[in-house]
1. When you scan the range 157-197, how many residues do you find that are of a type in the set (D, E, K, R), without any contact (Cβ under 8 Å) to a residue 60 or more places away in the chain and over 30 Å from residue 46 (Cβ atoms)?
2. Taking the range 98-140, which residues are closer than 30 Å to residue 50 by Cα and either modelled with pLDDT under 95 or small (Gly, Ala, Ser) (or both)?
3. Sort out which residues of the range 141-185 are modelled with pLDDT under 85 and either in a helix (DSSP H, G or I) or of a type in the set (A, V, I, L, M, F, W, C) (or both), and write them in order of number.
4. Would you pick out the residues in the range 149-158 that are surrounded by 11 or more Cβ atoms within 10 Å (Cβ to Cβ) and of a type outside the set (Phe, Trp, Tyr)?
5. Of all residues in the range 162-197, count the ones that are more than 14 Å from residue 88 (Cα to Cα), surrounded by 14 or more Cβ atoms within 10 Å (Cβ to Cβ) and not polar (S, T, N, Q).
6. Please list, ordered by first then second residue, the pairs with beta carbon atoms under 7 Å, 6 or more apart or interchain, first in the range 59-82 and on the phi < 0 side of the Ramachandran plot, second modelled with pLDDT under 70 and exposed (fewer than 14 other Cβ atoms within 10 Å of the Cβ).
7. Residues of the range 37-62 being surrounded by fewer than 20 Cβ atoms within 10 Å (Cβ to Cβ) and outside any helix (DSSP H, G or I), which ones?
Amino acid sequence: MVVELVINTNLPELEDVSKEKLLRKGITFDPNEKLVLNRERCVNPVLIDNFFRFLRHGSDDVLKQKLNNNKSEGSKDLNCNILLNQMLYPNWKVRSDVISFCESELKSMKTEVNDKFGSESDPKPLVTERIDPYAVKDIISERESHYKDCNSLETWINNQKDIERIIQIRTSSILSEQCGNDRDYIQDFQNFIKTKN
């Protein structure tokens, strides 16, 4: 069974970025379409990396500029709340959902590989070498190949979590400076996720 995550890419912050052509050549998606992610996209995350770059530039990287542009248009608190609830938190949630999806796929991959080949630390498989002298080598090679994908995906997931944590701390600092430091913006985001699930 193929599991997919469908993401609505019709997000306001993507409009500005698509005009600036920040996507790498050859890797495109239509901001007015849906982006479909599956295990293959997680194992080879070039498209996801591009999508994240797109999202991060359209929200976190230009947050101070957007807050300054909105200051003259009305109440500071109202502008901050609109920006948080309509742009920033939905953007963070999409990125969190993608990372969680790939993490779920990683768990499934590990289970499948363990069921098929045993764990990574298991000794050589039991095969009669007289019948097929290359069987052991082939099985070990295949097992290592599958674990390589799992290890690579696990590294990517951990890196993305670290990046998100750093971005959220930096963005929270900007929000405290521009919108007031009487709120915990990261905790507000966790509450936002609970209301959207």
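1. 5
2. The answer is 100, 104, 108, 109, 110, 111, 112, 113.
3. 141, 142, 143, 144, 145, 146, listed by residue number.
4. Across the range 149-158, the qualifying residues are 149, 150, 151, 152, 153, 154, 157, 158.
5. So the answer is 2.
6. 79/71; 79/73
7. 38, 44, 61, 62
The values are calculated or read from the model by the stated rules, or taken from the named source; none is laboratory data. All values reported here derive from a predicted model rather than from experimental measurement. Please note: Cβ atoms are built from the backbone with ideal geometry, for glycine as well, and neighbour counts cover all protein chains shown.
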